[in-house]
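The values are calculated or read from the model by the stated rules, or taken from the named source; none is laboratory data. Source: prediction; values computed, not measured. Methodologically, a virtual Cβ is constructed for each residue, glycine included, from the backbone with ideal geometry; neighbour enumeration extends over all protein chains shown. For the accessible areas, the whole protein counts, side chains as well, though only heavy atoms, and no ligand, DNA or RNA atoms are used. Shrake-Rupley method; radii C 1.70, N 1.55, O 1.52, S 1.80 Å.
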Amino acid sequence: SINDEDQNNRPGELDEIIWEEDFENGADDWEFIDANTQGIIYWQTSDLESLDGDNWRCFDPDIGNNGGYDNHWLQWIITPTIDLSDAILADLSFDFRLQCENPAGAEAPYDGWDAANVWASDDGGDNWEVIEPMDGPEYNISSAYSFGQEWMMGPGIPGWGGLGFDDWSEALFDLSECVGSNQVKIGFAFCSDPAACTADDPANADWTGFQIDNITLLGVG
């Protein structure tokens, strides 16, 4: 993340739109990944609780009353390559909505179960790191069992989890560590563990998965 000096000199609002996506015309240039290697992609368009038209949502429409998710998922939706070679500062903003398993009851080193988060790569997707919000809802899980144990990434993978994000929220991320690269990609991930999901119990019918919309990358060149 940017240091204190950079933060103090950061403009109140970056005004150059480098890249944006509202999903109203699909996401043809995006990459979809199913970590199960079964080739089943659960990221698809949805109008559930829509803000303004379609959004992209990680869910199975045949689960629950309004669609939901199953156990042992790791589903990615990844932006096309974005050029930040001329940027000095860059921010990522987007709207999201999430309903999944409550983090309560997880045991150390984990403090949550199913989770959603955001990753960034500055080398075209060869290497990835989780990025954390600098504004908007903070991750409420610092070490998700789904990413860490179920998908063997180890402790320390943060994310959002639970039922507290049923209203659309805007999240803002600093991408300063990616500026100077013309090979930037952003990945949105939703991950579930081996137990407790929408499909497990009719009482979980409101666990509707992870939704994203109105993605904007603002910068200063």
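Annotations
- Calculated P(r) of segment 143-217 - Cα pairs past 16 Å, %: 65 percent
- For residue 61, neighbours were defined as the other residues whose beta-carbon sits under 13 Å from its Cβ, and their charges (Lys and Arg +1, Asp and Glu -1) total -3.
- In the full protein context, the chain carries 45 Å² of accessible surface per residue, based on a 1.4 Å probe and ignoring ligands, DNA and RNA.
- For segment 73-115, convex hull volume per residue from C-alpha positions, Å³: 155 Å³
- Calculated [θ] (222 nm, deg cm²/dmol) that DSSP helices of n ≥ 4 give over the chain, each run adding -39,500 (n - 2.57): -500 deg cm²/dmol
- Taking only the Cα atoms of segment 172-215, the radius of gyration and Dmax are 16.5, 49 Å.
- Relative packing of 151-160, 88-97, which averages over residues the other C-beta atoms within 10 Å, highest first: 88-97, 151-160
- Expressed as a whole percent, the accessible area of the chain that falls on carbon and sulfur atoms is 40 (1.4 Å probe).
- Mean Cα-pair separation over length for segment 73-169, i.e. relative contact order, pairs under 8 Å, 6 or more apart, %: 32 percent
- Divide the volume of the convex hull around the Cα atoms of segment 44-175 by the residue count and you get 127 Å³ per residue.
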